[in-house]
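Written out below as structure tokens is the structure these notes cover.
The values are calculated or read from the model by the stated rules, or taken from the named source; none is laboratory data. None of these values were measured; they are calculated from a predicted model. All Cβ positions, glycine included, derive from the backbone under ideal geometry; neighbour counts span all protein chains shown. The accessibility values were calculated without ligands, DNA or RNA, using every heavy atom of the protein model including side chains. Shrake-Rupley method; radii C 1.70, N 1.55, O 1.52, S 1.80 Å.
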Amino acid sequence: MLRKILTIIFLATLGGCSSNPVSTERLSDFDIQDYSTFQVSAFAQSDDVRVSPFTSELLEVELADELQALGLSLSEEAEIAFKVSLSIDEDTFRSSRFYARRGAYYPYYDPFYNDFYNDLDRSFLRVTAYSVETGKTLWTGIRPIKNVRNELRLSEEEVSKYIDSFMLELLNS
């Protein structure tokens with residue numbers, strides 16, 4: 001009996017750890033295989049977007065490489081366009097929650113500890129595919145990414161991981 005319970009717990013944990021964190025929406029008739037050319041853009045310049053130019057370029061290049069691996073070709077006169085964007089939810093972590101540390105006089109308020117953790121913003125990376133001809137959104141995927149303090153900076157491995165998760169959902173939808 002204990003073995004069956006442990007097996008169920010193990011399988012539930014394994015299933016939870018292997019799920020893709022990308023949430024998607026798409027038109028019912030959208031299929032990436034119906035298109036042959038594409039273009040990619042990332043992060044229009046504005047004060048609201050806090051992204052390193054190197055990260056922006058890495059995201060564009062990685063997404064273009066993955067789409068070319070699917071057989072699509074990069075073109076200025078594309079049928080489908082992909083836009084990579086970042087949204088920041090500043091209200092998620094900027095709250096008045098009380099964080100306490102364990103110590104001899106548990107719990108106690110530590111202003112440095114509380115301010116340090118409240119200063120993070122939750123960030124979401126979104127990839128949107130839309131028709132160049134009609135401007136109509138065809139597919140969108142969003143996933144949470146690491147929290148941003150001043151500016152989003154991602155390594156090549158992180159960019160590859162994020163783009164791979166989007167491509168997996170793009171092919172499955």
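Couple of notes before you dig in:
- Those residues of region 8-35 which are open to solvent by 60 Å² or more (accessible area, probe 1.4 Å) and at pLDDT 75 or above, in sequence order: Pro21, Ser23, Glu25, Arg26, Ser28, Asp29, Asp31, Gln33, Asp34
- When residues of region 144-173 are limited to those that are part of a loop (DSSP other than H, G, I, E, B) and open to solvent by 50 Å² or more (accessible area, probe 1.4 Å), the one modelled with the lowest pLDDT: Arg149
- Filtering region 45-55 for residues that are modelled with pLDDT of 70 or more and either more than 20 Å from Leu125 (Cβ to Cβ) or touching a Gly at 6+ places or on another chain (Cβ under 8 Å) (or both) leaves an empty set.
- Residue match in region 102-123 (condition: assigned to a strand (DSSP E or B), out of contact with any His (no Cβ under 9 Å at 6 or more places or on another chain), surrounded by 15 or more Cβ atoms within 10 Å (Cβ to Cβ) and modelled with pLDDT of 90 or more): no
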